[in-house]
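Here the structure is laid out as structure tokens; the discussion comes afterwards.
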Amino acid sequence: MSKAYIYNQDCLEALIQTDSEIYDLALLDPPYYDYKTGHRKDKEGKLSQSLVQQSREDQLRTIQECIRTLKNDRAFFIFTNWEQSWWVMQKFQTHLRNMIIW
């Protein structure tokens, strides 16, 4: 039986340091924006498009690293809502096989 390890680390930092094609499964549950507006507020309480853009860029980098570190016969699940999934599908449509919405 192989050993399992738990790391208390930022997932993107850990993935960047990881070899390619070693994982069988990735589960990603990124943070969501405000459900009603699709935005987050900045320090002054105003809606901030820059925070939304930075969050998307971070998520895209994380997804790219997940794809890189997964084996060819991989499984990759991203938990999100339908309103936020469109930009992920546009960027990674060649990797998308199935989508479940409920």
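Bear in mind these aren't lab numbers, they're just calculated from the coordinates by the rules spelled out. Everything numeric in this text was worked out from a predicted model, so none of it was measured. Please note: Cβ atoms are built from the backbone with ideal geometry, for glycine as well, and neighbour counts cover all protein chains shown.
Tabulated values for the structure
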{"read-out": "Extension gain (nm, one decimal) between Lys43 and Met89, 0.36 nm per residue minus Cα-Cα", "value": "13.5 nm"}
{"read-out": "Estimated FRET transfer efficiency (Asn72, Asp10; beta-carbon r; R0 22 Å; 0.05)", "value": "0.25"}
{"read-out": "Phe79, Phe92 arranged by Cβ crowding within 10 Å, fewest neighbours leading", "value": "Phe79, Phe92"}
{"read-out": "Other-chain or far-sequence residues with amide H under 5 Å of Glu21's (modelled H)", "value": "Thr69, Leu70"}
